[in-house]
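The values are calculated or read from the model by the stated rules, or taken from the named source; none is laboratory data. This one's a predicted model, so the numbers in the text were calculated from it and none came from an experiment. Don't worry about glycine lacking a Cβ; one is built from the backbone with ideal geometry, like all the others, and counts go over all protein chains shown. Keep in mind that these areas ignore ligands, DNA and RNA; they rest on the heavy atoms of the full protein, side chains included. Shrake-Rupley method; radii C 1.70, N 1.55, O 1.52, S 1.80 Å.
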Amino acid sequence: MVVTQLSLEFRFQGKKLRGFSCELTRSPHGVLPESVLTTTCQVAIPILLSGLGMMTAGLVMNTVQHWPVFQEVKDLLTLVPPLVGLKGNLEMTLASRLSTSANTGQMDDCQERYKIISSNLAVVQVQATVVGLLAAVASLMLGAVSREELDWAKVALLCTSSVITAFLAALALGILMTCIVVGARKFGVNPDNIATPIAASLGDLITLSILALISSFFYRHRDMWYLTPLVCIGFMAVSPLWIFIAKQNPPIMKILKYGWFPIILAMVISSFGGLILSRTISKHQFKGMAVLTPVICGVGGNLVAIQTSRISTFLHMWSTPGVLPVQMKRFWPNPCFTFCSSEINSVSARVLLFLVVPGHLIFFYLICLVEGQSVTSSKIFLVLYLVAGMIQVVILLYLAEVMVRLTWHQALDPDNHCIPYLTGLGDLLGTSLLALCFLLDWLLRGGADFADLVSELVSAPP
């Protein structure tokens with residue numbers, strides 16, 4: 001498909017026409033291209049803002065890990081990645097859906113816009129409430145391996161804190177996403193480029209702050225045994241109201257019926273990242289793990305969410321569900337095609353890769369500046385950290401290309417089915433690679449026996 005755009009410019013002097021100029025743009029790729037500079041500018045600023053938010057979240061986590069509730073209820077640390085990952089499973093998915101609706105003109109009518117926004121927000125609240133409870137259960141199950149008995153007071157605290165945190169964070173970020181997408185549409189900015197990273201700029205910080213405050217509140221009132229189950233049941237009881245609102249929009253109701261598996265599986269994947277975090281965060285060999293985990297996980301998740309949203313919009317605009325364009329017929333494309341071709345999605349992948357190293361350097365420098373005693377100053381570690389960041393993003397961007405093609409071929413919406421998996425994998429890859437960086441740095445600088453450390457990590461209680 002060839003797309004042609006004709007731009008006319010008329011020049012007047014007073015009321016008289018003195019001249020005009022025209023510009024004809026033809027694109028053989030089926031979509032009017034953004035220049036590399038435009039894409040870079042629209043993506044770089046939100047990514048930097050999101051990095052500052054994630055860096056602040058890391059500093060917050062480095063502080064709250066020493067609070068009594070986090071020392072006493074160790075499963076709260078396992079809960080951090082899946083709860084923080086909800087912004088990828090829910091808010092980034094919401095942003096991608098709204099961006100696609102805005103770019104395809106579905107939100108140009110005020111009445112239709114209200115129906116799309118209200119039903120999407122309602123679905124996100126139901127998903128957040130249920131997945132928040134499941135995340136707490138998953139954390140308890142992962143921690144049960146080394147636990148001799150179950151403390152039901154701690155179980156109630158963990159479940160209630162998780163549900164309230166997921167609910168409030170999803171509500172705040174959902175409203176923010178709506179405002180960003182509608183505003184971007186009015187100002188002529190592609191919401192695919194800015195919506196997801198701006199959500200992440202506050203997502204990690206809001207989620208961690210709410211979790212720390214809510215869990216500390218219930219920990220201080222742990223003598224009132226009935227308080228936590230009562231509040232948890234109250235939040236769950238509101239779910240029918242959100243389902244009623246979502247029924248206004250039948251396509252959105254399909255998400256509520258069939259969209260659970262990607263979100264729940266992504267939450268489980270993130271929970272394994274949380275298990276790695278809880279095992280390593282208190283060890284001196286992994287000094288700085290708490291501060292850097294939100295940054296490396298967030299950067300990878302943001303970049304892959306942007307790319308997935310852009311590919312999804314491309315397919316929604318110029319293809320039919322179940323039918324892949326000619327240039328995307330192969331399910332497993334050559335990596336060189338994914339990163340080195342002249343196709344519009346390949347160009348955006350290169351732009352996103354270009355941002356990884358400068359972004360991580362800026363965030364690492366700022367973290368060292370603000371709280372240098374919490375991060376290792378080893379140059380070996382910095383090199384390993386940058387390599388890990390690049391490996392994470394390369395893997396995620398290639399998987400995004402593959403998963404979107406497979407999903408679209410099955411006539412499924414990539415906005416709903418790909419982003420949760422990819423952000424969950426981003427959390428697991430980021431946490432694993434970061435732990436490996438600390439481990440290699442410690443060994444290269446003459447640390448103790450590798451086998452002893454591994455044995456200590458495996459046998460230590462979470």
Ranked by accessible surface with a 1.4 Å probe, highest first, in what order do 385, 258 come?
-> 258, 385
Nearest 20 debye, what's the magnitude of the dipole of the chain about its Cα centre given +1 on Lys and Arg Cβ and -1 on Asp and Glu Cβ?
-> 1220 debye
Given 166-176, 103-113, the highest-first ranking by average Cβ count within 10 Å works out to 166-176, 103-113
Set the Förster radius R0 to 56 Å, insert the Cβ-Cβ distance between residue 444 and residue 118 as r into 1/(1 + (r/R0)^6), and round the FRET efficiency to 0.05.
-> 0.55
Sort segment 358-414 into rounded, prolate or oblate with this rule: let a ≥ b ≥ c be the square roots of the eigenvalues of the Cα gyration tensor; rounded if a/c is under 1.5, and if a/c is not under 1.5, prolate when a/b is larger than b/c, oblate otherwise.
-> prolate
How would you rank 50-57, 244-251, highest first, on the average number of other Cβ atoms within 10 Å across their residues?
-> 50-57, 244-251
Compute the Rg/Rh shape ratio of the chain: radius of gyration over Kirkwood radius, all on alpha-carbon atoms.
-> 1.01
Can you put 141, 390, 253 in order of accessible area, largest first, using a 1.4 Å probe?
-> 141, 390, 253
Return one number: the angle in degrees, 0 to 90 and rounded to the nearest 10, between the long axis of the Cα atoms of helix 289-318 and the longest principal axis of the Cα atoms of the chain.
-> 30 degrees
To the nearest 10 square angstrom, what accessible area does residue 355 show with a 1.4 Å probe?
-> 30 Å²
Given a 1.4 Å probe, the accessible area of the chain per residue, as a whole number of Å², is 44 Å²
Rounded to two decimals, the Debye log10 I(q)/I(0) of segment 191-314 (Cα scatterers, no solvent) at q = 0.15 Å⁻¹ is -1.13
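Can you pick out the pairs among 186/329; 287/379; 257/329; 154/254 whose Cα atoms lie more than 26 Å from each other?
Over 26 Å apart, Cα to Cα: 186/329; 257/329; 154/254.
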Place +1 on the Cβ of every Lys and Arg and -1 on the Cβ of every Asp and Glu in the chain, take the dipole about the Cα centre, and give the residue among 178, 224, 61 whose Cα lies farthest towards its positive end.
-> 178
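In deg cm²/dmol and to the nearest 500, what is the mean residue ellipticity at 222 nm of the chain if only DSSP H runs of at least 4 residues count, each as -39500 (n - 2.57), divided by the residue total?
Numbers: 19 runs with 338 residues, N = 462.
Helix-only estimate at 222 nm: -24500 deg cm²/dmol.
Sorted by packing (mean other beta-carbon atoms within 10 Å per residue), highest first, where do 224-232, 131-139 land?
On the way: 224-232: 15.0, 131-139: 24.6.
Result, highest mean first: 131-139, 224-232.
Would you mind getting me the FRET efficiency between residue 213 and residue 16? Use the beta-carbon distance for r and R0 = 45 Å, nearest 0.05. Write out the running numbers ahead of the final one.
Working: r = 66 Å, r/R0 = 1.46.
Efficiency, rounded to the nearest 0.05: 0.10.
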